[in-house]
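Since the structure comes first, as structure tokens, the remarks are kept for the end.
The values are calculated or read from the model by the stated rules, or taken from the named source; none is laboratory data. Note that the structure is predicted; figures quoted are calculated from it, not measured. Neighbour counts are summed over all protein chains in view; Cβ atoms, including those assigned to glycine, are modelled from backbone coordinates with ideal geometry. Areas reflect the complete protein model, heavy atoms only, side chains present, ligands, DNA and RNA absent. Shrake-Rupley method; radii C 1.70, N 1.55, O 1.52, S 1.80 Å.
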Amino acid sequence: MKRVSSVLGPGCRRRPGGRPEVGFRTDVVQCVSMTLTTTISEEMKPESVLLHPLGIAVAPEPELLCIFGTGDLGRSLGLRLLQSGYRVVYGSRRPHSCGPLPQGAQVMSHAAAAQSAGLIFICVHREHYEFLETMAPQLEGKVLVDLSNNLKKDMYPEANAAYLQRLVPGAAVVKGLNTLSAWALQNGLLAGKQVYLCGNSAEAKQAVAEMATKLGLTVLDRGTLSAARELEDFPLQLFPEWRLPLRVAVGLTAFFFFYLLIRDVIYAYAEQGKDISFRIMVSLANKVFPIVSLIMLSLCYLPGVIAAFLQLYRGTKYRRFPDWLDRWMLCRKQMGLVALGFAFLHAIYTFIIPIRYAVRHKFISRVVDEMKNNKTTPFYFDNIEAWGTDSFYVLGILGFFLYVLLGLTSLPSVGGSLSWREFSFIQSKLGHLTLSICTTHGYIYGWNKFLRPSTYKWYTPPGYMLCLIVPSVVLVLKMLLLLPCVDRTLARIRQGWERTQPREDVDESKAANL
């Protein structure tokens, strides 16, 4: 073994006896390190190049993914993959004239691109799948992700993914990511978005799921490739969660429009000979909008009340709700947003009432009549009427403000920033407060008209009386649930307590006693 003095570099001074000077003992390690580094660099071959510092591991090269198709969806998907740390290669029929691609991506022929990656995204239409059959040898053992969709349901006898698997039997086909649009991929609207996967190979689905998770997506496995047709039908659904709320809103609007048309316009023409059909456009519509809005808002909270009483009756929370109630509860958000839309229309229509021609004409005609008769109509100040009018407007403004607050917190970007307790407080506590204020707003509107015989034209109640029925029932039932004895029992049930022991546990206890 060589002595330490033999590896000291030329920059280390020594004593006459061959030892380093005492003042330089602290520099021995540095001299040894510098000398060893110089020796190693001299012994390296000229053709070898050191690209990273000593002692630091080389970073693994990013995974290479392949995309067949250079259209909007293919380019958007490639851009998102590059931003997520992957390398991307495109396979195209015309590699040299395929249009602009994301910076950092490569483009080559289909065969060359398929050989360079193990995971391939098929971003072409089903009509162009034939070329994949000729590439079966190059696609052997590859994972093919089918992102295609059809223009309508049952357009082909078999699902696109099943057809692709039949063309390339040696590849593992996974149907998925077909619910993502090019616009969502370009704008990065992927965080928390749910996507579906199905395929016959568990390993292939796992590889696609890991990639999707890295993009910020939430993956749901739908099983084998037999579920591909169901996945391909998802993007063809037109507002599935909005159908029930929109049908209810349209039905209520049509009913109250014709009901008020008969009571206000047709009644005036038949009984008094007056043609007030001009009121249909603004006055009649401004009566229908708040009625529908209040009923839709009450329908948002009615299913929750029904579910609470159902749990109290059953004494457990582990029994499933009826299908109609479950479906109703799932579309409460949409019902609330529809109610907010009608409230906006009511507010806008109310603002334009003073500038209507009929209102201005009525006011000017009264002034002209007083000038002609040289007499002023006496006007007495009614303190009760003033209180009622001011209260009516104040409650309307507060109710509309809370309406907007509920609508804003229902947005994912706003609701996602709230804790569950905060979100529940706004949607439940403030929601019922909004319903109470808006219902009181309606009661004050007709507080002195309920007992007037002229209110009931053709023995029919006015529209605002009918619209107060549902919210009043909801508020009364909610007050019953807030009673201490009822509230404590309901809280215990929702925490897992059951009034009666399940039959399975009873049977097990009997068997144990025997």
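The set of residues in region 206-221 being open to solvent by 20 Å² or more (accessible area, probe 1.4 Å), more than 15 Å from residue 191 (Cα to Cα) and in contact with a strand residue (DSSP E or B) (Cβ under 7 Å, 6 or more places away or on another chain) consists of 207, 221.
Just to verify a result, which residue in region 462-495, among those that are open to solvent by 40 Å² or more (accessible area, probe 1.4 Å), of a type outside the set (A, V, I, L, M) and touching a helix residue (DSSP H, G or I) at 6+ places or on another chain (Cβ under 9 Å), is modelled with the lowest pLDDT? Looking at residues that are open to solvent by 40 Å² or more (accessible area, probe 1.4 Å), of a type outside the set (A, V, I, L, M) and touching a helix residue (DSSP H, G or I) at 6+ places or on another chain (Cβ under 9 Å), I get 494. Checking every residue in region 265-274 against the condition of being at pLDDT 90 or above, of a type in the set (S, T, N, Q) and either under 29 Å from residue 463 (Cβ atoms) or open to solvent by less than 40 Å² (accessible area, probe 1.4 Å) (or both) gives zero matches. For region 329-355, the set of residues classified as open to solvent by less than 40 Å² (accessible area, probe 1.4 Å) and not aliphatic (A, V, I, L, M) consists of 331, 334, 336, 341, 342, listed by residue number. Taking region 275-299 as the range and being assigned to a helix (DSSP H, G or I) and surrounded by fewer than 16 Cβ atoms within 10 Å (Cβ to Cβ) as the test, the residues that pass are 277, 278, 280. Taken over region 377-431, the criterion of being open to solvent by less than 30 Å² (accessible area, probe 1.4 Å), part of a helix (DSSP H, G or I) and touching a residue at least 12 places away in the same chain (Cβ under 8 Å) is satisfied by 388, 396, 399, 402, 403, 406, 407, 409, 426, 431.
In the set (1) crowded, with 16+ Cβ neighbours inside 10 Å; (2) within 19 Å of residue 161 (Cα to Cα), residue 224 fails one condition alone, (1). Among the numbered conditions (1) over 15 Å from residue 174 (Cα atoms); (2) modelled with pLDDT of 95 or more, the only one that residue 119 does not meet is (1). Looking across region 93-136, the residues that are open to solvent by less than 30 Å² (accessible area, probe 1.4 Å) and assigned to a helix (DSSP H, G or I) come down to 110, 113, 114, 126, 132.
Condition check ((1) within 27 Å of residue 436 (Cα to Cα); (2) of a type in the set (Val, Ile, Thr)) across all residues:
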| residue | (1), (2) |
| --- | --- |
| 340 | yes, no |
| 346 | yes, no |
| 373 | no, no |
| 397 | yes, yes |
| 401 | yes, no |
| 410 | yes, no |
| 413 | no, no |
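Screening residue 434 with (1) among the polar types (S, T, N, Q); (2) surrounded by fewer than 15 Cβ atoms within 10 Å (Cβ to Cβ); (3) in contact with a Leu (Cβ under 7 Å, 6 or more places away or on another chain) gives one miss only, at (2). Condition first: in a helix (DSSP H, G or I), of a type in the set (Lys, Arg) and without any contact (Cβ under 8 Å) to a residue 24 or more places away in the chain. Can you find one or more residues in region 211-219 that meet it? No, region 211-219 has no match at all.
A Cβ distance below 9 Å, combined with a sequence gap of six or more or placement on separate chains, defines the contacts here; from region 235-263, residues that are on the phi > 0 side of the Ramachandran plot reach residues that are part of a helix (DSSP H, G or I) in the pairs 239/246; 239/334.
Looking across region 221-271, just one residue is of a type in the set (Lys, Arg) and either touching a helix residue (DSSP H, G or I) at 6+ places or on another chain (Cβ under 6 Å) or outside any helix (DSSP H, G or I) (or both), and that is 222.
Checked against the criteria, residue 509 does not count as assigned to a helix (DSSP H, G or I), hydroxyl-bearing (Ser, Thr, Tyr), modelled with pLDDT under 90 and open to solvent by 50 Å² or more (accessible area, probe 1.4 Å). Among residues of region 440-455 that are assigned to a loop (DSSP other than H, G, I, E, B), those with a beta-carbon under 6 Å from a residue that is surrounded by 13 or more Cβ atoms within 10 Å (Cβ to Cβ) at least six positions away or on a different chain give the pairs 446/464; 449/455.
Any residue at all in region 300-314 that's without any contact (Cβ under 8 Å) to a residue 12 or more places away in the chain, exposed (fewer than 15 other Cβ atoms within 10 Å of the Cβ) and closer than 22 Å to residue 240 by Cα? Looking for residues that are without any contact (Cβ under 8 Å) to a residue 12 or more places away in the chain, exposed (fewer than 15 other Cβ atoms within 10 Å of the Cβ) and closer than 22 Å to residue 240 by Cα, one finds none in region 300-314, hence no.
Contact map, region 165-192: first residue within 20 Å of residue 72 (Cβ to Cβ), second residue of a type in the set (S, T, N, Q) and surrounded by 12 or more Cβ atoms within 10 Å (Cβ to Cβ), Cβ cut-off under 7 Å, separation 6 or more or different chains; pairs are 178/148; 178/149; 182/76; 185/76; 186/76.
Residues in region 179-195 that are open to solvent by less than 50 Å² (accessible area, probe 1.4 Å) and either polar (S, T, N, Q) or not in a loop (DSSP other than H, G, I, E, B) (or both): 5 in all.
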